[in-house]
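Each value in this text was obtained by applying a stated rule to the coordinates, not by laboratory testing. All values derive from a computational prediction rather than experimental measurement. Using ideal geometry, Cβ is built from the backbone for each residue, glycine included, and neighbour counts are taken over all protein chains shown.
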Amino acid sequence: MCLFCKIINGEIPSNKELEDDNFLAFHDINPKAPVHILVIPKKHIESFNDVNAKTMASATPFIQKLVKKLNIDKSGYRVITNIGDNGGQEVKHLHFHVLGGSKLKWGHFTDSDPKGSF
Ligand code: AMP
């Protein structure tokens with residue numbers, strides 16, 4: 001069973017922020033911003049590659065409700081999902097990083113010199 005499935009079933013504790021029948025939102029253990037929440041579907045889906053439109057559609061109001069609860073909806077925030085090795089996905093259970101609470105930097109896109117690939 002994957003790490004996030006263990007968080008869903010309570011085997012591993014988490015600091016929960018919001019939950020409904022289909023999604024769980026909890027605080028990232030290693031926050032990269034003053035607000036850093038992970039939103040995960042309760043059903044195991046490996047990555048964005050495998051998610052269907054129905055699940056994505058229901059993720060939208062859940063995240064919108066979450067950012068209002070966190071009071072970052074007006075100040076702004078970022079929603080990111082990492083996919084696969086080049087995307088930097090460490091946990092192979094679809095998750096959306098919701099980052100906010102301060103002005104976010106736009107980080108580098110690649111560890112290698114992008115000019116090196118041309
Ligand atoms: P990614 O690199 O996109 O797969 O993101 C995985 C995220 O999960 C990282 O930001 C980690 O800090 C976070 N993480 C790993 N283990 C836990 C945990 N037990 N509770 C909360 N967040 C976690």
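Candidates Ile12, Ile7: the one that is part of a loop (DSSP other than H, G, I, E, B), near the ligand (Cβ under 8 Å from one of its atoms), aliphatic (A, V, I, L, M) and on the phi < 0 side of the Ramachandran plot is Ile12. In the range 19-35, which residues are surrounded by fewer than 17 Cβ atoms within 10 Å (Cβ to Cβ) and not acidic (Asp, Glu)? Across the range 19-35, the qualifying residues are Asn22, His27, Ile29, Asn30, Pro31, Lys32, Pro34. For the range 52-81, filtered to residues that are buried (at least 16 other Cβ atoms within 10 Å of the Cβ) and more than 14 Å from the chain's Cα centre (by Cα), the residue that is nearest to Asn9 (Cα to Cα) is Leu70. Those residues that are among the polar types (S, T, N, Q) and touching a residue at least 40 places away in the same chain (Cβ under 8 Å), I need them from the range 69-90; list them, please. Across the range 69-90, the qualifying residue is only Gln89.
Within the range 82-94, restricting attention to residues that are over 20 Å from Trp106 (Cα atoms) and of a type in the set (A, V, I, L, M), the residue that is surrounded by the most Cβ atoms within 10 Å (Cβ to Cβ) is Leu94.
For the range 26-118, please list each of the strands (runs of 3 or more DSSP E) lying entirely inside it that holds at least 3 residues being among the aliphatic types (A, V, I, L, M).
On the way: elements: 35-41, 77-80, 96-100.
Result: 35-41.
Residues that are of a type in the set (S, T, N, Q), within 15 Å of Leu94 (Cα to Cα) and within 11 Å of the ligand (Cβ to nearest atom) occur in the range 38-56; there is at least one.
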